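Below is one structure; the comments refer to it alone.
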Amino acid sequence: MVEITRPRGTRDIGPEDMRYRREIERRMRSVCEVFGYEEVLTPTFEHADLFRIKSGDEVLEEMYVFRDKGGRELALRPEITASVMRYYREEMKRRAKPIKLYYFENCFRYERPQSGRYREFWQLGVELIGTSRAEAVAEVISLAMECLRSIPLQNVLLRVGHIGMLRNALSLLGVGEKEQSEILRMIDKGDIESALDKISSLCCATNKIKQFSEMLECDDLSALRMHAENIGLSMQELNKLEVVASLLKSMGVDWKLDMSIARGLDYYSGVVFEIDSPILGAEKQICGGGEYNLAAISGEDVPTVGFALGFDRIVLAAKKEGVSIDGRKTTTYIIPLSDEYIGICMGMAMNIRRAGIVCHVDLMGRGLRKALSHASTIGVDYCIIIGKREVDRGEVVLRDMRSGVQKNVPFSEITQRLMIQSE
Ligand code: HAM
């Protein structure tokens, strides 16, 4: 026998983890809903070219690309933003703006797997199409933070920067667009030294390079204004960043200026942000987003802003922070004392389930003792026992598994009784 294991970088997620994940997903989804964002679902695979347009080299190298039987070159989606913008061009252009969308989908990246870094992972993301005014950017950032608060994750750090200002500063230094992306990628990886070396090789104004480097390190807005003036940047972007900052303050969202945010994907154009969960160590980034331009996909210059939360990392962080999920439902277990009562038991189970109460029926022909022991192993609250005497009297035996107390309850009252107990 060949023992086939799961592919590297993928996971099987068991029932306990699944319950935990679903509850966290539910909490975050409901935040998207109360902000008025509506869910969409896009295909698991797309034409590979969709991601070639502006996803950045890193993501391209990490893509799962394959040919289908018709010879088309397809890719498993490494992220959802490009898909949403394609969907917008194909079907949503005429909708009233702003279009407020969210998604919860799995993504695929051929990365070196480690804790918090997988080849299949889930993103909960938002794309706001039709505006990137300061209030739109601030709303999107606050939505990401509110999702995390709803879990609740306590220990998160929001960093906000402006990639448009970095690009403009590089242009003023005489760095061309292609080299800009290369330099931004180095900055994104935290390799500021190589980025500055690269700039030096392209431009000889040492004092300007120093000003750029100071801007990258800058952590407050008034200092940023000074650096921007020194470099000769227009104040338009900075003014917007300041409005975003003041709106975040109005909403009680704490943040930190980080001008070294360069994002790994090539489509970002303005305010960008990242959220970390420091408790996670190396793979601590749990969210990334910002203003972007995917006109090459959307077919028009429509302002857009969005983010994606790394769901799997958020679940890891929630566990590390000890977030507990309650919401365990009352569980019942029906035991027929002989095969001839299985039909009655299964019929009763249907009524109990339709009342919203979890109900098992013994499916293994166990005797009473073994069935009770199984019920207690799987954490059942109440057992319902049905034998000849009970059927003759139109009753069941209802056993409270915590106290061991048993009562006789008429058939017609059992569902009602369980509903009261489960309140
Ligand atoms: P991203 O930063 O590439 O942005 O991914 C968003 C989040 O997905 C990351 O912050 C991280 O938490 C999680 N993530 C990324 N790769 C992995 C992986 N291999 N394993 C586990 N988690 C991972 C985007 O994807 C953009 N589309 C976000 C966006 C939406 N920007 C605008 N709209």
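The values are calculated or read from the model by the stated rules, or taken from the named source; none is laboratory data. Predicted model, so just to flag it, every value in this text is computed and none were measured. Every residue, glycine as well, gets a Cβ built from its backbone with ideal geometry; the counts of neighbours run over all protein chains shown. Surface areas here come from the heavy atoms of the whole protein model, side chains and all, with no ligands, DNA or RNA. Shrake-Rupley method; radii C 1.70, N 1.55, O 1.52, S 1.80 Å.
Within segment 120-168, the residues that satisfy the criterion of being in a loop (DSSP other than H, G, I, E, B), more than 14 Å from the chain's Cα centre (by Cα) and crowded, with 20+ Cβ neighbours inside 10 Å are 132, 156. Test residue 172 against the criterion of being surrounded by 13 or more Cβ atoms within 10 Å (Cβ to Cβ) and touching a Phe, Trp or Tyr at 6+ places or on another chain (Cβ under 6 Å), and give yes or no. When the stated conditions are applied, residue 172 does not pass them. Total residues in segment 349-371 satisfying the condition of being open to solvent by 30 Å² or more (accessible area, probe 1.4 Å), within 20 Å of residue 338 (Cα to Cα) and not in a strand (DSSP E or B): the figure is 9. In this structure, residue 315 does not satisfy being outside any helix (DSSP H, G or I), at pLDDT 95 or above, on the phi < 0 side of the Ramachandran plot and more than 8 Å from the ligand (Cβ to nearest atom).
Report whether or not residue 271 is among the β-branched types (Val, Ile, Thr) and over 20 Å from the mean Cα position of the chain (by Cα). So residue 271 passes the test. All conditions but one from (1) at pLDDT 95 or above; (2) within 14 Å of the ligand (Cβ to nearest atom); (3) of a type outside the set (Asp, Glu); (4) out of contact with any Cys (no Cβ under 8 Å at 6 or more places or on another chain) apply to residue 142; the one that does not is (2). The residue that is nearest to the ligand (Cβ to nearest atom), counting only those in segment 249-300 that are part of a strand (DSSP E or B) and β-branched (Val, Ile, Thr), is 286.
On the stretch given as segment 29-56, residues that are open to solvent by 30 Å² or more (accessible area, probe 1.4 Å), more than 13 Å from the ligand (Cβ to nearest atom) and closer than 29 Å to residue 136 by Cα total 13. In this structure, does residue 391 turn out to be open to solvent by less than 70 Å² (accessible area, probe 1.4 Å), in a strand (DSSP E or B) and in contact (Cβ under 8 Å) with a residue 12 or more places away in the chain? Criteria not met by residue 391. Only residues that are out of contact with any helix residue (DSSP H, G or I) (no Cβ under 8 Å at 6 or more places or on another chain), touching a residue at least 60 places away in the same chain (Cβ under 8 Å) and either open to solvent by 20 Å² or more (accessible area, probe 1.4 Å) or assigned to a loop (DSSP other than H, G, I, E, B) (or both) were counted in segment 60-92, giving 1.
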